[in-house]
Amino acid sequence: MTAEGVATFGAKLPAYVIAMETRCGSHYLGRTSASLSRRARVVLPESVLQHVKVQKTDDRDAEAIAEVATRATIRLVTVKTEAQLDL
């Protein structure tokens, strides 16, 4: 699913929290979610890696991201604006 597809799909859903690992598109999706009055929780890859069980696969990554994002003590990455990313 493209980033625009995720935004279109998310706009149809009731209130939700989107959790993702910090990657190249995470700030864009975070800003898009915020514009839809949704909460974005962006976590550091190091935090996710510590919670992946056994071998690293997409399913296990998603499970670890969900687990990390629900923890109250985890450090989150602030979603950056386009101007901040341009610097």
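Laboratory data are not the source of any read-out in this text; all were calculated from the coordinates shown. In this text the structure is predicted, and so the values were computed from the model without any measurement. Virtual Cβ from ideal backbone geometry, glycine too; neighbours counted across all protein chains shown.
Pop a pseudo-label 7 angstrom from the Cα along the beta-carbon direction at both Leu76 and Ala3 and give the gap in nm to one decimal.
2.0
Of the listed values (i) 13.9, 37; (ii) 15.3, 54; (iii) 13.3, 39, grab the one calculated as Rg and Dmax of the Cα atoms in Å from the structure here.
Correct label is (iii).
Straight-line reach from Lys53: which aspartates and glutamates have Cα under 17 Å away, leaving out those fewer than 8 places along the same chain?
Counting by Cα, and skipping residues close in sequence, Lys53 has these aspartates and glutamates nearby: Glu21, Asp61, Glu63, Glu67.
If the only charges are +1 at each Lys and Arg Cβ and -1 at each Asp and Glu Cβ, what is the size of the charge dipole of the chain around the Cα centre, to the nearest 20 debye?
Value, rounded to 20: 280 debye.
Would you mind checking the tilt of helix 26-35 against the longest principal axis of the Cα atoms of the chain, expressed as 0 to 90 degrees and rounded to 10?
The helix 26-35 is inclined about 50 degrees to the chain.
Using alpha carbons only, how many degrees (0 to 90, rounded to 10) separate the axis of helix 58-69 from the longest principal axis of the chain?
80
For the charge dipole of the chain, defined by +1 on Lys and Arg C-beta atoms and -1 on Asp and Glu C-beta atoms about the Cα centroid, which residue among Thr32, Tyr16, Val43 has the Cα displaced farthest towards the positive pole?
Going by the charge dipole, the pick is Tyr16.
Need the full-extension length gain, Leu36 to Ala66, defined as separation in residues times 0.36 nm minus the C-alpha distance. One decimal, nm.
8.7 nm
List the lysines whose Cα lies under 30 Å from the Cα of Lys12, skipping any in the same chain that are fewer than 8 positions away.
Lys80
Between Lys12 and Val54, what is the label-to-label distance in nm when each label sits 7 Å out along the Cα-to-Cβ direction?
In this crude spin-label approximation the distance works out to 3.4 nm.
Is it possible to state the helix-based mean residue ellipticity at 222 nm for the chain, with each DSSP H run of 4+ residues giving -39500 (n - 2.57), the sum divided by total residues, to the nearest 500 deg cm²/dmol? What is it?
That calculation yields -13000 deg cm²/dmol at 222 nm.
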